[in-house]
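The structure under discussion appears below in the form of structure tokens.
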Amino acid sequence: MKIALPDKTQKEFPNGATAADVAESISHRLKKEALAAEADGRLIDLNAPIPDGAEIRIITYKDEQGQEIFWHSSAHLMASAIMRLYPDAKLAIGPAIPDDFSARFYYDIDLPQKLTENDLEAIEAEMARIVAENQPYTRKEMPQGEAIEFIKKNDEGDIYKIEMANEFEDESLSFYIHGDFMDMCRGPHVPSTGRIKAFKLLSVAGAYWRGDEKNKMLQRIYGVSFPSKKLLAEHLDRLEQAKKRDHRVIGKALDLFSIADDVGPGLILWHPKGAIIRDIIETVWKELHIRDGYNLVFTPHMARLKLWEISGHTDFYIENMFMPNEVEGDLYQIRPMNCPFHIEIYKSNLHSFRDLPLKYAELGADYRYERSGVLHGLMRVRGFTMDDAHIFCTPEQLHQQVLEVCDLSIEILKLFGFEDYNIYLSTRPEKYVGEPEQWSVAEDALRAALDERKFDYEIDEGGGAFYGPKIDIKIKDSLGRFWQCSTIQFDFNLPDRFNIHYIDSDNKHKRPFMVHRAVLGSLERFFGVLIEHYGGDFPVWLAPVQVKVLPVVDEVNDYALEIADFIKAAGVRVETDMRNEKIGYKIREAETLKIPYMLIVGKKEVEGNTVSVRKHKIGDIGSSDPKKILAEILRKIKTKTLDQEVF
């Protein structure tokens, strides 16, 4: 039989050849590194026979699919160790979690006793023994009915697997077996447990079965794994760095924000210093949007429930909305998003094709019900400010509008120090609203814009929302983590629901294309990412306090105040530490507070009309003329310099 490689070259193999045979025919090293394969776009195990004429691509750990397969196999490895140590445990689900920075897999288990850190060490030791046994992962398929009986025969109490097996619509279900362990799974998996060279179990936490608090609380064990101890060590080091950069810790230390029990979980209190940074972000956002032709709008925080019924939110988004309130016999709903309000503004006037595109932008406060168990500092909240805008345009204007949004997104993200990003184009799913022609026009506009700007991007076939295709931009922070940020989302649903239109050149009413777009996402989440990206060491233009004047002795306090007033008059954010403390203590505190510039003044500086300059994390720069230092600071503010320069 013949198979095709990714470069379209053809190779002949005997009937029944496997992906492992293909890998070995290319190179011994590739066979050693191979984890699975892709046959005509479908992932298969290395030992699976290849159909004649298939196009084959070997999957290694360097591929994203390979990493996910590796981590999912690691979850099975951990589960088998748990079952050896706790034979009465009931297994629920154990997926790979490639988008999680700290962990890479988990398994939910039902166990009477509560696990501790010591228990995790014992599970790790058992995992090591199973790895040493180098047990092969083998696949077994059977019809659904037979599969359910197979699960019951294996363990009548396996309620979670039985429940899931009953829900599958597939004609057959697959299981993976290594040693005496079996688990229901689509696969594929790595060839054997011996491939999982390095791993670490990180933590155990509570998790409701299927995320529903009405169900039983299970124990979720998180772990990481890698094909080498070197990669594991590097990842654990990044985790330690991430702990030091935790925005919740830094936010408290720098007095940026807080969450108060009396106010409620997931509701952020922006402190003065945090509010300064937020104001800078908002100012940049507004200036660039106005420059690009957006109209700024403000809309209410709530509306009649009827509005959300028209939009369809009460049908498909109700679980994320707070309960409505009755006002004078009418139900009002606090808003989860801003889209219907912008549509109502559009509807308030009759529009010609000459009026389009119309672009409404708002930093709108929204409120969504998130379960308390998933709330996380600024990253997952219940009240947030959405960087939101909606574009109404004609089909002919789509390409230019998408181009402009892409350009604006990259410009703003780079401005705040995010130079690396991944871009994803998600296309039409199986179930969708709108006409296929509309989808094609929208997808072509998104793809053409990405191609014209020569962006590298991945296509997520069928990954679009039911109401339109989209572009997602995930930014990479200083620790190598990716965060969802910008989104460009078409919507074929709301224009129909609200029956919006414009009058075209032929005097006919036509439906405009509607594009949702966010550049930063929510301000809260973006601020959290910003804190961790810089570790609180904000560049001068973003720092809430840019300069701190530190008098050495009380006799020079007046001179210190003169210097502070001089700097403040130029628009620089400055504080003066007039406390009767030793200068070393004042410097250490200013360093802890991550003040970019410290200007130290003593008797010598008074006599010479100078300041002694110290820069955060760099140290003493030397004596300088206050005007020269101010000019340098102002230049960095004006140019929004991101680096730590020494002058």
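The values are calculated or read from the model by the stated rules, or taken from the named source; none is laboratory data. Everything quoted here is computed from the prediction, not taken from an experiment. Cβ: placed from backbone, ideal geometry, glycine included. Neighbour counts: every protein chain shown. Just the protein is used for accessible areas: all its heavy atoms, side chains included, with ligands, DNA and RNA removed. Shrake-Rupley method; radii C 1.70, N 1.55, O 1.52, S 1.80 Å.
For the chain, with all protein chains present and a 1.4 Å probe, just round the carbon and sulfur fraction of the accessible area to a whole percent. Reported share for carbon and sulfur atoms: 50 percent.
Can you give the FRET efficiency to the nearest 0.05 for Lys414 and Asn15, using r as the Cβ-Cβ distance and R₀ = 51 Å?
0.40
Working value for region 99-175: equivalent-ellipsoid semi-axes of 28, 17, 15 Å, each the square root of 5 times a Cα gyration tensor eigenvalue, largest first. Take every Cα pair under 8 Å whose residues are at least 6 apart in sequence, average their separation, divide by the length of the chain, and the relative contact order is 8 percent. Think of a 1.4 Å ball rolled over the protein heavy atoms: the chain then has 48 Å² of accessible area per residue.
Based on the Cβ-Cβ distance from Val441 to Glu344, what FRET efficiency comes out when R0 is 25 Å, to the nearest 0.05? According to the calculation, E is roughly 0.45. Going by accessible surface with a 1.4 Å probe and the largest first, Glu141, Glu524, Glu411, Glu555 read Glu555, Glu141, Glu411, Glu524. Length available on full extension from Asn325 to Asp52: 0.36 nm per residue minus the Cα-Cα distance, which gives 92.0 nm. A Förster radius of 25 Å combined with the Cβ-Cβ distance from Arg304 to Val263 puts the calculated FRET efficiency at roughly 0.40. The Cα-based radius of gyration of region 1-76, divided by its Kirkwood radius, gives an Rg/Rh of 0.96.
Reducing region 385-418 and region 173-195 to their Cα centroids gives an inter-centroid distance of 45 Å.
Scaling against 2.2 N^0.38 Å puts the C-alpha radius of gyration of region 599-639 at 1.21. Of the chymotrypsin sites (Phe, Trp or Tyr not before Pro) found in region 463-549, those that fall in a DSSP loop while having at most 14 other beta-carbon atoms within 10 Å are Phe466.
Each peptide in 180-191, 419-430, 89-100 was scored by the mean count of other Cβ atoms within 10 Å over its residues; highest first, the order is 180-191, 89-100, 419-430.
Extension gain for Lys617-Phe482 works out to 46.0 nm (0.36 nm per residue, less the C-alpha to C-alpha distance).
Taking amide H atoms as placed 1.01 Å from N in the peptide plane, the amide H of Ser522 lies under 5 Å from those of Asp387, each 5 or more residues away in sequence or on another chain. Hydrophobic long helices, here whole DSSP H runs in the chain with Kyte-Doolittle means of at least -1.0 and Cα atoms spread over 30 Å or more along the helix axis, are found at 64-85. In terms of its Cα atoms, region 499-563 spans 81, 28, 16 Å along the principal axes, sorted from long to short. Region 566-620 and region 103-153 have Cα centres lying 59 Å from one another. Ligands, DNA and RNA excluded, the heavy atoms of Ile595 present near 10 Å² of accessible surface to a 1.4 Å solvent probe.
Taking Cβ atoms as reference points and 14 Å as the exclusive limit, the residues near Ile531 contribute a net charge of +4, counting Lys and Arg as +1 and Asp and Glu as -1. In a DSSP loop and with at most 11 other Cβ atoms within 10 Å, the trypsin sites (Lys or Arg not before Pro) in region 360-461 are Lys431, Lys454.
What is the sum of charges around Leu494, taking Lys and Arg as +1, Asp and Glu as -1, for the other residues whose C-beta is under 12 Å from the C-beta of Leu494? Result for the neighbourhood of Leu494: 0.
Across the chain, the convex hull enclosing all Cα atoms gives 221 Å³ per residue. Annotation: extensible slack from Asn134 through Leu375 equals 82.8 nm (criterion: 0.36 nm per residue apart, minus Cα-Cα distance). Taking label points 7 Å from Cα along the Cα-to-Cβ direction, Asp237 and Asp40 give a separation of 4.6 nm.
With only the Cα atoms considered, region 1-155 has a convex hull volume of 152 Å³ per residue. Based on every Cα atom in region 171-225, Rg and the maximum pairwise Cα distance Dmax equal 14.8, 39 Å.
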